[in-house]
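The values are calculated or read from the model by the stated rules, or taken from the named source; none is laboratory data. Source: prediction; values computed, not measured. All Cβ positions, even for glycine, are placed from backbone atoms using ideal geometry, and neighbour counts span all protein chains on display. Heavy atoms of the whole protein, side chains included, go into the accessibility calculation; ligands, DNA and RNA do not. Shrake-Rupley method; radii C 1.70, N 1.55, O 1.52, S 1.80 Å.
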Amino acid sequence: MDSAEEEALLGQESEEENSELSDDELQEAFAKGLLKPGINVLVDKPKKLVNNVEGLKQCLADFRKGLPWVERLDLTNLPAEDIISKADGKVPSQTNGELNADDDFQREMFFYRQAQATVLEALPLLNKHGIATSRPDDYFAEMAKSDQHMQKIRKKLISKQMILEKSEKAKKLREQRKFGKKVQIEVIQKRQKEKKAMMSAVKKYQKGMTDKLDFLEGDQKSGKDSAQGSKNALNKKGPSAKRKYKDQKFGFGGKKSGKKWNTKDSYNDVSSFRAKVAHAKGGKGGKKGKGGKQNKRPGKSVRRKMKARS
């Protein structure tokens, strides 16, 4: 065994040396210009054609066996009549001899009509020979796959359907949560709006702008309706007791500025004029001090100085 291995190793080394030598020789030849492009060309081997005449004759003899048509089931016929072209008044291209093999649609239609004609011719022949062409009602065909395999497929389909149903339920729950949160926000906003309307109604009642207490029962209107209702109530029932008390104490409102201005009638009316009172003559006109002089109020600056001294 050892000698065989040594001989194999020596053989490998000799091959490597020969290859190295051949490479050196090729390099020298390339340097001398002996190697030219186009010398080393791969030549394809010619294809060997097989002309088995005996085999072809045997196949032809097999085809020419005088078997009945039921065993062969072969038909050779022309395509069916083109009813659509005939109804439109056109001449079919097949009868004209203008069939274009490169036209995919025309070619496929030719195959379709030829198969149609074959079926129309073959069905009566099959019925004549007693061959059934339609499946009976109680037909039972053996399954290509076993029942165990079909059970596995059924379980897999059921598991997929359950996963889809779970995902749909989860999706619906998420949508319901979103809708519930939205409804909750709307309810909170509605409560805040009702609370605000109730507080405004309470303030209006406190100020005497309305006498209605419907807001305590929740029967109140918002916006312009409530404002119009309060105005109508004021117009119908008149001012409240609080408003009457304030009018009695401070007046009835109206124009405040210019009420001390003279008018033409007040300027011409001198019935209330008293000369003694106007010129401080007589006992009744004005108050007098100790010396018989009229008390004179000091000016504003003097009063400030007096106040600062004190």
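Here ALA117 meets the list (1) in contact with a helix residue (DSSP H, G or I) (Cβ under 6 Å, 6 or more places away or on another chain); (2) at pLDDT 85 or above; (3) not basic (Lys, Arg) almost entirely, failing just condition (1). In the condition set (1) under 30 Å from TYR245 (Cα atoms); (2) modelled with pLDDT under 85; (3) open to solvent by 100 Å² or more (accessible area, probe 1.4 Å); (4) not hydroxyl-bearing (Ser, Thr, Tyr), LYS178 is compliant with all but (1).
Would the stretch 46-60 turn up any residue that is among the polar types (S, T, N, Q), out of contact with any Ser or Thr (no Cβ under 8 Å at 6 or more places or on another chain) and at pLDDT below 80? Quick ask: steps written out before the conclusion?
The initial filter retains those residues of the stretch 46-60 that are among the polar types (S, T, N, Q), namely 51-52, 58.
Pick out the ones that are also out of contact with any Ser or Thr (no Cβ under 8 Å at 6 or more places or on another chain) and you get 51-52, 58.
The next check asks that each one be at pLDDT below 80; those that pass are none.
The answer is no, given that none of the residues of the stretch 46-60 is among the polar types (S, T, N, Q), out of contact with any Ser or Thr (no Cβ under 8 Å at 6 or more places or on another chain) and at pLDDT below 80.
Within the set PHE111, PHE105, the sole residue that is modelled with pLDDT of 90 or more and either assigned to a helix (DSSP H, G or I) or closer than 21 Å to ARG72 by Cα (or both) turns out to be PHE111. Checked against (1) surrounded by 10 or more Cβ atoms within 10 Å (Cβ to Cβ); (2) in contact with a helix residue (DSSP H, G or I) (Cβ under 9 Å, 6 or more places away or on another chain); (3) at pLDDT below 80, PRO298 passes all but a single condition, namely (3).
Screening the stretch 101-122 for residues that are closer than 30 Å to PRO68 by Cβ and open to solvent by 70 Å² or more (accessible area, probe 1.4 Å) and picking the one that is nearest to the chain's Cα centre (by Cα) gives TYR112.
Tell me yes or no: at least one residue of the stretch 197-210 is loosely packed, with under 10 Cβ neighbours inside 10 Å, assigned to a loop (DSSP other than H, G, I, E, B) and more than 24 Å from the chain's Cα centre (by Cα). No, every residue in the stretch 197-210 fails to be loosely packed, with under 10 Cβ neighbours inside 10 Å, assigned to a loop (DSSP other than H, G, I, E, B) and more than 24 Å from the chain's Cα centre (by Cα). Checking each residue in the stretch 96-150 for being in contact with a Leu (Cβ under 7 Å, 6 or more places away or on another chain) and in contact (Cβ under 8 Å) with a residue 40 or more places away in the chain picks out ALA117, THR118, GLU121, ALA122. For the stretch 128-153, taking the residues that are open to solvent by 100 Å² or more (accessible area, probe 1.4 Å) and assigned to a helix (DSSP H, G or I), the one that is modelled with the lowest pLDDT is identified as ASP147.
Scanning the stretch 154-175 for residues that are β-branched (Val, Ile, Thr) and open to solvent by 100 Å² or more (accessible area, probe 1.4 Å) yields one hit, ILE163.
Of the residues making up the stretch 73-87, those that are assigned to a helix (DSSP H, G or I) and either open to solvent by 100 Å² or more (accessible area, probe 1.4 Å) or of a type in the set (Val, Ile, Thr) (or both) number 3.
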